[in-house]
Amino acid sequence: MEAPLGQKQRPHEFPSITLSHLSSPAPSSASASASFAEDNSGCPRLRIHQLSSPDPVFDLDLQNIQIFKLGPLELLCASEETGGDDSEEKSFSRAFKIGFGTKVECKSFYSACEQWKLGVVGARTGEPLANGRLTVPKSKFDNKIDTTSAKMYFHYYGQLLHQQNMLQDYVRTGTYYAAVIENRVDFHGRVVVDVGAGSGILSLFAAQAGAKHVYAVEASEMAEYARRLVTGNPSLGQRITVIKGKIEEVELPEKADILISEPMGTLLVNERMLETYVIARDRFLIPDGKMFPSLGRIHMAPFSDEYLYVEIANKALFWQQHNYYGVDLTPLYGSAFQGYFSQPVVDAFDPRLLVSPPIIHTLDFTSMKEEDLYEIDIPLNFVSSVGTRVHGLACWFDVLFNGSSVQRWLTTAPGAPTTHWYQLRCVLAQPIYVMAGQEITGRFHLVSHSAQSYTIFLTMSAKMWGAGADQGGILQTSSCKFDLKEPYYRLSQPQPYVLQQDQQSNQQLMQSQEISPSIQDGTGPSTAVIPSHIPESLNQ
């Protein structure tokens with residue numbers, strides 16, 4: 001005789017929950033109970049009863065629902081139904097919130113749901129298999145990002161002090177606010193997904209602009225703070241759902257009309273969140289939906305900055321000591337010198353240090369593939385406007401909010417109001433000399449790595465100048481490798497700009513807090529700034 005429905009395995013039961021129908025015209029909350037069990041065919045089901053009625057409100061196939069966390073005491077359940085008898089396309093048609101009295105109950109319900117869906121519940125006990133381990137397939141994020149790096153990343157963004165630093169970047173926050181509010185027509189009555197919501201500030205902006213509903217997705221512990229901020233602004237928060245989880249893993253009950261995000265890192269691509277932004281587009285955005293921002297541009301130009309070069313070169317002078325407590329440190333000098341020049345410099349600089357107009361590399365977030373961000377190869381070609389010593393490549397970025405009413409650019413350019421991104425410069429260990437009108441060529445090659453950043457390979461060459469230049473010969477070439485994950489945060493004010501000849505004679509201008517005392521008082525070795533002092537291993 002076949003066992004009665006629900007008796008093939010003892011069900012997980014949750015006698016006291018709160019049920020809120022989100023799909024009904026007038027959402028309301030009611031006391032209910034829930035249980036997991038198998039039906040006669042062995043399919044796992046979720047049954048929810050309102051306490052006022054013996055009949056189930058929902059009797060759902062667990063394979064056709066998605067459940068994810070809204071907070072420590074709330075889960076969101078979205079049921080999936082086919083669009084019709086002849087349609088293979090599926091769409092979520094109902095959604096409801098389940099509330100619990102304690103965190104333990106909420107966690108137990110979520111765990112039970114996953115166990116029943118994956119068939120890892122014991123045949124008699126209704127508990128997880130004692131000798132088994134639940135193996136959850138890795139998401140795209142987990143497959144490409146080192147676990148330790150991800151843990152540190154989410155820990156960093158889970159702290160309010162770091163969110164405050166970004167919120168107090170008034171260029172950043174003000175531009176986002178203006179881009180959203182000035183383009184209310186794009187947000188009013190629309191479904192919005194905030195990708196990597198952080199504190200939830202952009203979700204609140206979208207709600208201010210009239211969004212129908214905003215799904216604020218945040219993977220770090222900041223999601224709890226965002227939920228509290230949203231709850232504390234009830235006139236806006238009633239249209240915002242905070243979801244704790246990775247974009248690559250969460251499920252949403254509906255598609256988005258518009259995505260909003262702040263996915264930019266140093267040099268635009270650091271932290272590799274742009275890939276997550278593109279994944280969110282592919283997973284959640286309707287065709288022809290809008291993205292705020294929709295476009296990013298990396299700007300690059302050669303620069304000359306003798307002060308910066310001196311500062312970096314002199315850091316390695318410590319390793320030139322022949323008698324450090326009786327020890328000769330010089331065998332490590334070459335490695336130290338190379339190590340200091342492998343750090344990109346993050347600071348604000350005077351745009352007059354640029355020796356040619358910049359070139360631009362564009363990333364179209366609306367059409368590019370995630371894989372396009374794994375490796376970025378940019379050919380370089382400039383014409384020097386002055387005769388000088390080129391110390392490397394300066395970079396900055398901007399992004400476009402392509403609204404229907406107003407187009408807004410957020411820029412990190414030198415000379416513009418400074419942002420928390422500042423600018424970035426890759427300094428060559430071997431500068432190259434150029435004349436006015438001389439062509440500078442090269443390659444700027446970025447290769448992503450699992451620490452959520454990039455290795456940068458930079459080559460810059462000075463082509464033949466004057467008679468015979470059309471033959472394309474190379475006079476000088478300098479190459480360097482940088483780790484974008486480990487920059488030198490200089491963060492000083494822009495240095496006074498002086499002409500090249502003045503740089504060699506005006507020692508007072510070298511008195512900066514960033515330059516070592518031995519250079520300030522003129523007693524330090526001057527050889528740190530001339531090419532002959534570069535370690536032989538770097539001259540090869």
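Looking for something part of a loop (DSSP other than H, G, I, E, B) and farther than 15 Å from Leu373 by Cβ - is there at least one such residue anywhere in the range 304-313?
Restricting attention to the range 304-313, the residues satisfying the condition of being part of a loop (DSSP other than H, G, I, E, B) are 304-305.
Add one more test, that the residue is farther than 15 Å from Leu373 by Cβ, and what stays is 304-305.
Yes, the range 304-313 contains at least one residue that is part of a loop (DSSP other than H, G, I, E, B) and farther than 15 Å from Leu373 by Cβ.
Here is a yes/no grid of residues against (1) among the β-branched types (Val, Ile, Thr); (2) at pLDDT 80 or above; (3) open to solvent by 60 Å² or more (accessible area, probe 1.4 Å); (4) not in a helix (DSSP H, G or I):
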| residue | (1), (2), (3), (4) |
| --- | --- |
| Asp86 | no, no, yes, yes |
| Ile98 | yes, yes, no, yes |
| Gln115 | no, no, no, no |
| Ala123 | no, no, yes, yes |
| Gly126 | no, no, no, yes |
| Asn131 | no, no, yes, yes |
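Every residue, every condition in (1) assigned to a strand (DSSP E or B); (2) under 20 Å from Gln476 (Cβ atoms); (3) touching a strand residue (DSSP E or B) at 6+ places or on another chain (Cβ under 9 Å); (4) of a type in the set (Phe, Trp, Tyr), yes or no:
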residue: Ser335; (1), (2), (3), (4): no, no, no, no
residue: Val346; (1), (2), (3), (4): yes, no, yes, no
residue: Thr362; (1), (2), (3), (4): yes, no, yes, no
residue: Asn381; (1), (2), (3), (4): yes, yes, yes, no
residue: Arg389; (1), (2), (3), (4): yes, yes, yes, no
residue: Val399; (1), (2), (3), (4): yes, no, yes, no
residue: Ser405; (1), (2), (3), (4): no, no, no, no
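Looking only at the range 368-392, count how many residues are among the basic types (Lys, Arg) and surrounded by fewer than 17 Cβ atoms within 10 Å (Cβ to Cβ).
Looking only at that region, the number is 1.
Between Arg297, Arg272, Arg352, Arg281, which is under 24 Å from Glu375 (Cβ atoms), open to solvent by 40 Å² or more (accessible area, probe 1.4 Å), touching a residue at least 60 places away in the same chain (Cβ under 8 Å) and basic (Lys, Arg)? Working first, answer last.
On the way: Arg272 fails: open to solvent by 40 Å² or more (accessible area, probe 1.4 Å); Arg352 fails: under 24 Å from Glu375 (Cβ atoms); Arg281 fails: open to solvent by 40 Å² or more (accessible area, probe 1.4 Å).
The conditions single out Arg297.
Filter the range 314-328 down to the residues that are touching a helix residue (DSSP H, G or I) at 6+ places or on another chain (Cβ under 7 Å) and assigned to a helix (DSSP H, G or I) and list them by number.
So the first thing to find is which residues in the range 314-328 are touching a helix residue (DSSP H, G or I) at 6+ places or on another chain (Cβ under 7 Å), and the list is 314-317, 319-320, 322.
Within the range 314-328, Asn314, Lys315, Ala316, Leu317, Trp319, Gln320 qualify.
Taking interchain pairs and intrachain pairs at least six residues apart, which have beta carbon atoms under 8 angstrom, with the first residue in the range 162-182 and over 22 Å from Pro414 (Cβ atoms) and the second of a type in the set (Val, Ile, Thr) and assigned to a helix (DSSP H, G or I)?
Once the first residue is over 22 Å from Pro414 (Cβ atoms) and sits in the range 162-182, its partners that are of a type in the set (Val, Ile, Thr) and assigned to a helix (DSSP H, G or I) give Leu167/Thr173; Leu167/Ile201.
If you go through the range 218-247 one residue at a time, how many are farther than 21 Å from Arg190 by Cα, open to solvent by 30 Å² or more (accessible area, probe 1.4 Å) and touching a residue at least 12 places away in the same chain (Cβ under 8 Å)?
Residues that pass the stated criteria total 6.
Scan the range 329-336 and give yes if some residue there is out of contact with any helix residue (DSSP H, G or I) (no Cβ under 8 Å at 6 or more places or on another chain) and either closer than 29 Å to Ile67 by Cβ or buried (at least 22 other Cβ atoms within 10 Å of the Cβ) (or both), otherwise no.
No.
In the range 427-461, what residues are at negative phi and outside any strand (DSSP E or B)? Please lay out each step first, then the result.
Just the residues of the range 427-461 that are at negative phi, to begin with: 427-436, 438-441, 443-451, 453-461.
Across the range 427-461, the qualifying residues are Met435, Ala436, Gln438, Ser450, Ala451.
Residue check, Ala179 against (1) of a type outside the set (D, E, K, R); (2) under 22 Å from His155 (Cα atoms); (3) open to solvent by less than 10 Å² (accessible area, probe 1.4 Å), all met but one. Which one?
It fails just one condition, (2).
When you check Gly189 against the structure, is it open to solvent by less than 40 Å² (accessible area, probe 1.4 Å), under 20 Å from Ser235 (Cα atoms) and in a loop (DSSP other than H, G, I, E, B), yes or no? Quick ask: steps written out before the conclusion?
Working: open to solvent by less than 40 Å² (accessible area, probe 1.4 Å): no; under 20 Å from Ser235 (Cα atoms): yes; in a loop (DSSP other than H, G, I, E, B): yes.
Judged against the criteria, Gly189 is not a match.
Within the range 241-262, take every residue that is outside any strand (DSSP E or B) and more than 19 Å from His155 (Cβ to Cβ) and give me the one that is nearest to the chain's Cα centre (by Cα). Talk me through it step by step, then tell me what you get.
As a first pass, look at the range 241-262 and keep what is outside any strand (DSSP E or B): 245-255, 262.
Applying the additional criterion that residues be more than 19 Å from His155 (Cβ to Cβ) yields 250-255.
Values: Val250: 17, Glu251: 20, Leu252: 21, Pro253: 24, Glu254: 24, Lys255: 22 Å.
Among those residues, the one meeting the criterion is Val250.
Give the number of residues within the range 430-450 that are in contact with a strand residue (DSSP E or B) (Cβ under 9 Å, 6 or more places away or on another chain) and open to solvent by 10 Å² or more (accessible area, probe 1.4 Å). Please lay out each step first, then the result.
Taking the range 430-450 as the starting set, the residues that turn out to be in contact with a strand residue (DSSP E or B) (Cβ under 9 Å, 6 or more places away or on another chain) are 430-449.
Now drop any that are not open to solvent by 10 Å² or more (accessible area, probe 1.4 Å), which leaves 430-431, 433, 435-437, 439, 441-443, 445, 447-449.
Number satisfying all stated conditions: 14.
The values are calculated or read from the model by the stated rules, or taken from the named source; none is laboratory data. These numbers were taken from a predicted model, which means no experiment stands behind them. Cβ coordinates were reconstructed from backbone atoms using ideal geometry, including for glycine residues, and neighbour counts include every protein chain displayed. Surface accessibility is based on the protein's heavy atoms, side chains included, excluding ligands, DNA and RNA. Shrake-Rupley method; radii C 1.70, N 1.55, O 1.52, S 1.80 Å.
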